[in-house]
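Derivation of every value follows stated rules applied to the coordinates shown; laboratory data play no part. Note that the coordinates shown come from a computational prediction; the quantities given were computed from them, not determined experimentally. Here the Cβ positions follow ideal geometry from the backbone for every residue, glycine too, while neighbour counts run over all protein chains shown.
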Ligand code: CTP
């Protein structure tokens, strides 16, 4: 039996291309069910959709002429993935804020499988901060946003906002759903996010890490069948796979203790957390008042978790660290690789626009102990996560 795809169509002119997308999935052995908004049916007809998908269109939650199943729930369970193409600004806003007022937006909330969103709209609309922030929210929750292309738009202008071509969408979805159980039976530990080092009961020292890179790594490893322990500092990201066990910590010391209690069982250990290097020597028991003109905080070094694991790791455990450098990047990252006894170091460059903290994309160079270097292009953090794991897997059997 082929995989099950639910395609959600919202009301944009690009809906005509979605008909080709339905055909592509069918041609490649997928079973396809479609749900469309009322506005989508201004652009494409029920008859075309049903003929191409060979299934009934689901568009009306209150249709009395239907089976007695609660359709958005049964469809959500049936689906291996939901692909929303085209996704209008309106449906994106509903998804981001949990509004469920029609068949598609209700279904969206019920699906626990991979969610793909292919926005299509006028450039100004696409660039509007409201739309961008809604897309960020969805990305942070693990949705795959299939960024629109630049090109000629139906409104007569040229710019970004053109829905990806059906072939591109199909390829991305098909690749993500590939049956890859190459990490089945393996345990993977990942650290993510920042740490918060308390100064007094209300203040702390933190950093800009969102945790997204680590969460993407956790999901990518879980999808490959690994049992994942995700040790994370404070982060708004959420993990969406049943193979992931999440351990929430706040401080570098808590992250250290948690990692040390888990490390023995792990096959791959990836340290993507931005752990504070220093922590206040004393935490004031009460809120510090501003009565003095100056305040000096005494800071002490935290334990280096990566280096500590590097000291005790066995030969059959693969240790991956991260490095963020601003100068002599490769040289400094190589030093880190050796000093901390890691097998691989993932070098983030702050110089690359779109890479690093609080971005949805990243560009990395992975340095290996054997001197090899693997440089990636600027890609979504989900794609970078897959590349990092693929590289790690090359080394795990050596
Ligand atoms: N790391 C860690 N524990 C710490 C500090 C860092 O496990 N207390 C890990 C990070 O998760 C990352 C790697 O070490 O995988 C590199 O961290 P980075 O801050 O770039 O390097 P440092 O060793 O702190 O060196 P410096 O800040 O001097 O560049």
Förster-model FRET efficiency, 41 Å R0, residue 339 and residue 133, C-beta, rounded to 0.05: 0.55
Region 78-99 versus region 1-57: alpha-carbon centroid distance in Å: 14 Å
Cα centroid separation, region 268-345 to region 149-211 (Å): 24 Å
Region 4-177, relative contact order [Cα under 8 Å, separation at least 6], %: 23 percent
MRE, 222 nm, helices only [DSSP H, n ≥ 4, -39500 (n - 2.57), over the chain, to nearest 500]: -10000 deg cm²/dmol
Folded to 0 to 90 degrees: helix 15-27 orientation relative to the chain principal axis, Cα: 80 degrees
On Cα atoms only, tilt of 166-176 relative to the major axis of the chain in degrees: 50 degrees
Spin-label pair residue 372/residue 303, simplified geometry with 7 Å Cα→Cβ offset, distance in nm: 3.3 nm
Cα extents of region 4-177 along the three principal axes, largest first (Å): 45, 32, 31
Segment residue 260-residue 181, length gained on full extension (0.36 nm per residue, minus Cα span): 25.7 nm
Percent of C-alpha pairs per 5 Å bin, region 187-395, short to long: 1, 7, 15, 19, 20, 16, 9, 5, 3, 2, 1, 0
Region 244-340 - Rg over Rh from alpha carbon coordinates, Kirkwood radius: 1.07
Fraction in percent of alpha-carbon pairs per bin - 5 Å, region 84-132: 5, 20, 32, 24, 13, 6, 1
Residues of region 79-111 with amide N under 18 Å of the 7 Å Cα→Cβ point at residue 55: 79-86, 103-111
Estimated distance in nm for a label pair at residue 141 and residue 46, the labels positioned 7 Å out from Cα along Cα-to-Cβ: 2.9 nm
Taking region 187-395 and dividing mean pair separation by its residue count, relative contact order in percent (alpha carbons under 8 Å, at least six apart): 20 percent
Value of relative contact order over the chain, rounded to a whole percent, pairs C-alpha under 8 Å and six or more apart: 11 percent
Spacing of the two label points (7 Å from each Cα toward its C-beta) at residue 236 and residue 200, in nm: 2.7 nm
Stokes-Einstein D (µm²/s) once Rh is taken as the Kirkwood radius of the chain over alpha-carbon pairs, at 37 °C in 0.692 mPa s: 143 µm²/s
Angle between the chain longest axis and helix 381-396 axis [Cα atoms, degrees, rounded to 10]: 60 degrees
